[in-house]
Amino acid sequence: MDTNQDTLLFRFASKSLKYFLLVLFGIAIAYVLSSGLGISQIIPILLYILQQFLLPLGIIVLCLITTAIIFESLR
């Protein structure tokens with residue numbers, strides 16, 4: 001399948017998934033470094049960000065990907 005055949009929705013869903021996973025990877029690195037270096041004050045901030053912002057955003061990205069997959073399979 002050529003990349004020019006992908007719909008705009010599929011490209012948007014794949015880019016949003018890519019950047020969402022990059023943000024999760026960055027938070028994981030920050031968590032490991034903060035616990036390894038003994039900076040425990042940042043851990044509650046990271047957990048708050050995960051619970052309040054990234055969980056709903058992850059659900060939205062999952063729904064977007066599901067919609068793109070269903071739309072592509074119907075094409």
(request) Measure nothing but the geometry: give the 0 to 90° angle between the long axis through the Cα atoms of 55-74 and the longest principal axis through the Cα atoms of the chain, rounded to 10°. (result) 20
(request) Give me the percent of the accessible area of the chain that comes from carbon and sulfur atoms, probe 1.4 Å, all protein chains in place. (result) 74
(message) With n ≥ 4 as the cut-off for DSSP H runs, can you work out [θ] at 222 nm for the chain, using -39500 (n - 2.57) per run divided by the number of residues, rounded to the nearest 500?
(response) -26000 deg cm²/dmol
(request) Please turn the phi angles of region 37-46 into ³J(HN,Hα) values with the Karplus equation 6.51 cos²θ - 1.76 cosθ + 1.60 (θ = phi - 60°), one per residue in order, whole Hz, x for glycine and proline. (result) 8, x, 8, 7, 6, 7, 5, x, 5, 5
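The values are calculated or read from the model by the stated rules, or taken from the named source; none is laboratory data. None of the values given here were measured: they were computed from a predicted structure. Just so you know, the surface numbers come from the protein's heavy atoms only, side chains and all, with ligands and any DNA or RNA stripped out. Shrake-Rupley method; radii C 1.70, N 1.55, O 1.52, S 1.80 Å.
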